[in-house]
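These notes concern the structure reproduced below.
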Amino acid sequence: MHIIQAVIGSVLYLVMFFSIGFILNMLLRSTWVMLVLYPVIIIMMIDNQSTLEYFTNAREAIPNLGDRIAGLQAADITMFAAGLAGIIIAGLSIRFLRKSGYQMF
């Protein structure tokens, strides 16, 4: 992956997860719900197996996931970190807006 693709991908992940986190925080009125869901979303993006396999065939599914996580490239980790930063910024901005008197829904 070229550096330009990594930079653009990181910005896209930041903006995408900021907007999803902001909307979920606004609708569910729970500031950090997306931060809890983020690892699940990332695991679903990384693995090539059904989520049901973690319950039916855990002895093979969990080590396979570990191998997939260990095989991530630096660009992938940077993009996932940018998505995490977007979620944190969304939570902080919602908290700031609520403290300032804005009430969304």
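The values are calculated or read from the model by the stated rules, or taken from the named source; none is laboratory data. These figures come from a predicted structure and were not determined experimentally. Note that we place each Cβ from the backbone using ideal geometry, even for glycine, and neighbour counts take in every protein chain shown. Areas reflect the complete protein model, heavy atoms only, side chains present, ligands, DNA and RNA absent. Shrake-Rupley method; radii C 1.70, N 1.55, O 1.52, S 1.80 Å.
Here is a yes/no grid of residues against (1) open to solvent by less than 70 Å² (accessible area, probe 1.4 Å); (2) β-branched (Val, Ile, Thr); (3) modelled with pLDDT under 90:
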{"residue": "PHE17", "(1), (2), (3)": "yes, no, no"}
{"residue": "ASN25", "(1), (2), (3)": "yes, no, yes"}
{"residue": "LEU28", "(1), (2), (3)": "no, no, yes"}
{"residue": "ILE42", "(1), (2), (3)": "yes, yes, no"}
{"residue": "ASP47", "(1), (2), (3)": "yes, no, yes"}
{"residue": "THR51", "(1), (2), (3)": "no, yes, yes"}
{"residue": "TYR54", "(1), (2), (3)": "yes, no, yes"}
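When region 17-76 is filtered for residues that are among the aliphatic types (A, V, I, L, M) and in a loop (DSSP other than H, G, I, E, B), the ones remaining, listed by number, are LEU52, LEU72.
Has region 2-9 got any residue that is in a loop (DSSP other than H, G, I, E, B), surrounded by fewer than 13 Cβ atoms within 10 Å (Cβ to Cβ) and not hydrophobic (A, V, I, L, M, F, W, C)? Yes, that holds for at least one residue.
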